[in-house]
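> Just dropping this structure here.
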Amino acid sequence: MKTALGVIVSLLLSSFVSAQSDTSNSRYALTFGISDNFTLSKFHMDIALKKMLENSNQLRFFISPSIDTYNSSVEDSVLVSENDLKGFVLGVGTDYIWQLIKKGDLIMYGGSGLMFSFTSYSNESSFSNNKNEEDRTGFTAGLRGILGTEWFIRKNISVHAEYLMYLSYSWNKNERKLTANGQQLPMVKEKSNALSMTTLVLFGLSVYF
């Protein structure tokens, strides 16, 4: 983690030092994005490498780690209730980005891409003498559409906001263990699949080199 942070800081510092550079001569960009639902318990980030094409369009390769945690405990004279959830999603994919409008330091762009992700969630909850342990794993594949705005605050540093729309197919496996009054019940196994459409807003920063 410290090494990754050091690389990011070094890139930013070198970008400010070389502020006279022009993005027309840049061949690549390193991009970092965080979604609008960022909280201490829910974290979603995009890390991407963009390759500049001769027609001012871009090819982008990204990795998207997402972490979701939740813990609660309630205790009084009548009952004791606890809930502990941990979730992890890792997505990878590629986008083709094309420039729609350019005016000064402001660019509006659109794009489309392919994505694939792996999901792992575990949830343990208890209520008095009852306990529920649930584990879920899944895979998702699909298409995504992109509409964004990029503003160059320096010649080789920009900030951006993107609206992402996902059309995806997911497959999930769920295993649930129930314990009632100290006695473990038979494990419940479920499989499901679904076609869904979701949206996400992402804010980020790009460093061109």
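The values are calculated or read from the model by the stated rules, or taken from the named source; none is laboratory data. Not measured: the values here are computed from a predicted model. FYI the Cβ positions are ideal-geometry reconstructions off the backbone, even for glycines, and counts take in every protein chain you see. With ligands, DNA and RNA removed, areas are computed over all heavy atoms of the protein, side chains included. Shrake-Rupley method; radii C 1.70, N 1.55, O 1.52, S 1.80 Å.
> What does the accessible area per residue of the stretch 67-145 come to in Å², with a 1.4 Å probe and no ligands, DNA or RNA counted?
Numbers: 4830 Å² over 79 residues.
Per residue, the stretch 67-145 has an accessible area of 61 Å².
> Another question, if that's okay. When only alpha-carbon atoms count, how far does the stretch 145-209 stretch along each of its three principal axes, as whole angstroms with the largest first?
65, 27, 20
> Could you check the spin-label model distance between Phe61 and Ile47? Points 7 Å from the Cα along Cα→Cβ, value in nm.
Between Phe61 and Ile47, the simple spin-label model gives 1.4 nm.
> Probe 1.4 Å, all protein chains in place: accessible area of Lys189 in Å², nearest 10?
150
> Can you flag which of Lys51/Lys173; Lys51/Lys103; Lys51/Lys191; Lys50/Lys173 are past 28 Å Cα-Cα?
Values: Lys51/Lys173 37 Å; Lys51/Lys103 21 Å; Lys51/Lys191 39 Å; Lys50/Lys173 34 Å.
Result: Lys51/Lys173; Lys51/Lys191; Lys50/Lys173 exceed 28 Å.
> Calculate the spin-label point distance for Trp151 paired with Ala194, positioning each point 7 Å from the Cα along the beta-carbon direction, and give it in nanometres.
Spacing of the two 7 Å Cα→Cβ label points: 3.6 nm.
> Compute from the Cα atoms of the stretch 96-154 the Rg and the Dmax, the latter being the longest Cα-Cα distance, and quote both in angstrom.
That works out to 21.3, 65 Å for Rg and Dmax.
> Kindly provide the Kirkwood hydrodynamic radius of the stretch 49-131 in Å, to one decimal, from all pairs of distinct alpha carbon atoms.
Working: mean 1/r = 0.0598 Å⁻¹.
Mean inverse Cα-Cα distance, inverted, gives 16.7 Å.
> Counting only protein heavy atoms and using a 1.4 Å probe, what share of the accessible area of the stretch 123-209 belongs to carbon plus sulfur, as a whole percent? Spell out each step's value before the answer.
Details: 2960 of 5160 Å².
Its accessible area is 57 percent carbon and sulfur atoms.
> Return the Rg/Rh value of the stretch 93-202, two decimal places, where both radii are evaluated on C-alpha atoms and Rh is the Kirkwood radius.
Values: Rg = 21.6 Å, Rh = 17.3 Å.
So for the stretch 93-202, dividing Rg by the Kirkwood Rh gives 1.25.
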